[in-house]
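First the structure, in the form of C-alpha cells, and then the observations on it.
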Amino acid sequence: TRTPVNVTVTGAAGQIGYALLFRIASGQLLGADVPVNLRLLEIPQGLKAAEGVAMELDDCAFPLLRGITITDQAATAFDGANVALLVGARPRTAGMERGDLLQANGGIFGPQGKAINEHAADDIKVLVVGNPANTNALIAQRNAPDVPAERFTAMTRLDHNRAVAQLAKKTGATVGDIKKVTIWGNHSATQYPDIFHAEIAGKNAAELINDQAWLESDFIPTVAKRGAAIIEVRGASSAASAANAAIDHVYTWVNGTAEGDWTSMGIVSDGSYGVPEGLISSFPVTTKDGKFEIVQGLEISDFSRARIDASVGELVEERDAVAGLGLI
Ligand code: NAI
C-alpha cells in the first residue's frame, strides 16, 4: 500500500476550505488510489470551525483519508508536507490601501514560506489561492530559499476554466472540445484571457468566432470580472468553483496535461515572452511527471502584447511594493 501524501490546507475553516477538503479526501486532488493525511492550518479563531469540518470529514468515511491534524502552528501544519494549498489570506476591507493589503498578507505568506522552507518534504508543491495570489506566492517563494522556485505556483486555473466555459457558451461546443486557452499575467482584473491559440474541435477559436467586438467588450471583461459578478448574483464569493480550480491545478500538475492541450498556471517567470524573470505570472504550460514547462514559440500579436504587458506591469508594481515593504 502507498504511503499517504501529506496535504496542508490553510484557511481550512473558510468557504473555499469547506468546498475543497471533501474533494481532496475523496481522492480528486491526487488520484483515486492515493491516500492522504490532511493538515489544516487556521488562525486561533478558526480552529473550532475547523474541528467541525473535521467531524464531517470523519463522517464521510473516506477510504483514502488516513488522518487529520488541526493546528494554528505553521511549523506543525507544514511538517513533512508534500502538497500545500495556501487558501487563507487577509481580504481587502473597505478603505484599505494596496500597501496595507500587501503588508497584511506579507505577515501571513512570509512566515508560511519560512515554515515551508524549514519543515516541508523535499518534493513540496505549493499552490497559492489566497489573494493577491501571484504576489502572495512570490512572498512565500522568496521566504523559502532552499525550495526550488518552480514549486511555488499561483492559481489562475479558475480564470482558465471560466474562459473555457465562456467559449463553449459562445460557440455551442462542449468544454471537452476546447483546448489551448491561455490566461496571461496576474490573477486580477488585468489578466489577459487569450483565445488566439485556442482550438475548438481542432479549429482556431479566434478565427472560428471571428468577432473582435465580442472578444474585447464581452469575453475578456466577462472572464476578468467574473468573480465580482458571482458575488453580486450569489451574494457570496465563488468558493466551490475556486475549490474546483484548485483541485484541477494540482491534479494537472501531478498527473500531466493531455496530449494536444495545455493549462494556465501562475509560475516563476524564466523571462519567456518578455515577462521579467522571477515574477510569478500566468503562462500557458504543459505538465508531465510532476514538472511543468512554459509553452514556447507562440506568436503574440500587438493586441495580445499590450494586454500581457499591462497585466505584467501590475505584477511588477506589486513586486516593487512588497520589496519596498521589506517582505521579499
Ligand atoms: P474565507 O474568508 O471564507 O476563509 C478564509 C479562511 O482563512 C478563514 O477561515 C480564516 O480564518 C483563514 N485564515 C486567515 N488568515 C489565516 C492564516 N494566517 N493562516 C491560516 N488561516 C488563515 O475566504 P474564502 O472564500 O475561503 O477565500 C480564501 C481566499 O481565496 C481569499 O483570499 C480569496 O480572495 C481567494 N480566492 C482566490 C481565487 C483565485 O482564483 N486565485 C478565487 C476565489 C477566491
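Figures for the structure shown
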{"item": "Every residue from the range 91-105 that is within 11 Å of the ligand (Cβ to nearest atom) and buried (at least 20 other Cβ atoms within 10 Å of the Cβ)", "result": "101, 105"}
{"item": "Extreme residue, modelled with the lowest pLDDT, among residues of the range 288-318 that are touching a Gly at 6+ places or on another chain (Cβ under 8 Å) and under 19 Å from residue 153 (Cβ atoms)", "result": "289"}
{"item": "Hits in the range 65-119 - residues which are out of contact with any strand residue (DSSP E or B) (no Cβ under 9 Å at 6 or more places or on another chain) and at positive phi", "result": "95"}
{"item": "Top-ranked residue of the range 75-115 - restricted to ones that are within 20 Å of residue 3 (Cβ to Cβ) and outside any loop (DSSP other than H, G, I, E, B), ranked as farthest from the chain's Cα centre (by Cα)", "result": "76"}
{"item": "Qualifying residue in the range 28-49 (condition: part of a strand (DSSP E or B), of a type in the set (Gly, Ala, Ser), away from the ligand (no atom under 14 Å from the Cβ) and touching a residue at least 40 places away in the same chain (Cβ under 8 Å))", "result": "no"}
{"item": "Residue that is nearest to residue 224 (Cα to Cα) [pool: residues in the range 304-328 that are among the hydrophobic types (A, V, I, L, M, F, W, C) and without any contact (Cβ under 8 Å) to a residue 40 or more places away in the chain]", "result": "306"}
{"item": "Qualifying residue in the range 13-21 (condition: within 11 Å of the ligand (Cβ to nearest atom), without any contact (Cβ under 8 Å) to a residue 12 or more places away in the chain and either in a loop (DSSP other than H, G, I, E, B) or surrounded by fewer than 20 Cβ atoms within 10 Å (Cβ to Cβ) (or both))", "result": "no"}
{"item": "Matching residues, the range 145-177, being under 18 Å from residue 265 (Cα atoms) and of a type in the set (S, T, N, Q)", "result": "153, 156, 161"}
{"item": "Matching residues in the range 50-66 - criterion: being outside any strand (DSSP E or B) and among the charged types (D, E, K, R)", "result": "51, 56, 58, 59"}
{"item": "Lone unmet requirement of (1) within 10 Å of the ligand (Cβ to nearest atom); (2) polar (S, T, N, Q); (3) over 15 Å from the mean Cα position of the chain (by Cα) for residue 161", "result": "(3)"}
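The values are calculated or read from the model by the stated rules, or taken from the named source; none is laboratory data. These numbers were taken from a predicted model, which means no experiment stands behind them. No Cβ is skipped: glycine too gets one built from the backbone with ideal geometry, and neighbour counts run over all protein chains shown.
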